Structure formats: C-alpha cells, structure tokens
Amino acid sequence: MVLAGCAGYDPGGLMPGATVSTITERMGPPTGEYPLPGGGKRLEYARGPFGKHTYMLDLDAQGRLSGWQQVLTEARFNAVMVGTPGEQILFEFGHPAQQQHIGRQHLTVWSYRYWTPFCQWFQVSVGDDGKVVETGYGIDPMCDYNDHDSDSRT
C-alpha cells in the first residue's frame, strides 16, 4: 500500500536545484523561514519523535535548493558562544522544543531535544537583551519517570 500526500521525514532525496514547490511536496510546509544573505532563504523542518531532528534547507535567490543539513548536533551546540544574538540561535537551530521564562533572572531558557543515547537536551539561556547568557545540557523531562509508579513497594 502506498500513502500519497505524506510528508517525507528528511530531505535525503532532494537534489541541489530543487524548487520550493518540489521541496514542499516532499517535506510539507516548513516550520520556520529565515532570510539568507544575497536574497536566499533558509527553510526549517523540525522532525522526529519529540522533535529530535531539525533539517535546515538553504535556497538561493532564485528559490532553488543549494544545500541542507540536520542541525541538532552536539558539535553545533558546543559552538554556541555567550553573547550570540537569539536570532542567530533560531537561524542555526530553529525553534526550540520548549521555552521557559524565568522572570527573576531576566532570561528565557530555550530547550532543544536531539538524538542522543543519553536522556538529555541542550539548553540556551537568552537574556532580556536578546543575547545568549549561558548554555548547557540537562535531563530531558520526557525521560524522567515518576518514582511512585515503580514496582518497588515497601
């Protein structure tokens, strides 16, 4: 059985030069769009169970695919520097899985799920000035379990 109309998970079958219509036929509508220098644009496609993959597809000024990459990786996370504008974080990684504003500390924590054998996510703290204050890895609450549900009863 073939299911028509389903969006593809990744852009693996798309070739350089593919048009926006070809991309959206395969991938569906993007979850975000960002301008590129020179008149092009970057299309964000958040994917996977609980958003553990995000593909960024770069289009040239003529609207043709010039390249793509899966951006939620530790190597890319580790390159984020304090002082980076929040807009740059969105451009690099797309929208976070979760945002939490911490009023007393005057910052918002953006949390990104990604594929890892460990149960963690990457977190970026963005200050009220819109710049990165700190980054780090934490336990993903999706993996946390309730101790009251365990079989160990006393």
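Structural remarks
- Every residue from the stretch 70-90 that is of a type outside the set (A, V, I, L, M) and more than 14 Å from ALA46 (Cβ to Cβ): THR73, GLU74, ARG76, PHE77, ASN78, GLY83, THR84, PRO85, GLY86, GLU87, GLN88
- Consider the stretch 27-59 and keep the residues that are at pLDDT below 95 and aliphatic (A, V, I, L, M). The one that is nearest to the chain's Cα centre (by Cα) is ALA46.
- Strands (runs of 3 or more DSSP E) enclosed by the stretch 23-84 - at least 2 residues per element that are hydroxyl-bearing (Ser, Thr, Tyr): 53-59
- Residue in the stretch 98-107 that is of a type in the set (Lys, Arg) and at pLDDT 95 or above present: no
- Pick from the stretch 92-123, criterion more than 18 Å from THR31 (Cβ to Cβ) and of a type in the set (A, V, I, L, M), ranking: surrounded by the fewest Cβ atoms within 10 Å (Cβ to Cβ): ILE102
- Among residues of the stretch 24-63 being surrounded by fewer than 18 Cβ atoms within 10 Å (Cβ to Cβ) and in contact (Cβ under 8 Å) with a residue 60 or more places away in the chain, the one that is nearest to ASP140 (Cα to Cα) is PHE50.
- GLY130 being exposed (fewer than 15 other Cβ atoms within 10 Å of the Cβ), among the small types (Gly, Ala, Ser) and over 26 Å from TYR9 (Cβ atoms): yes
The values are calculated or read from the model by the stated rules, or taken from the named source; none is laboratory data. This is a predicted model, so every value here is computed, not measured. Ideal geometry is used to build each Cβ from the backbone, glycine not excepted, and the neighbour counts take in all protein chains shown.
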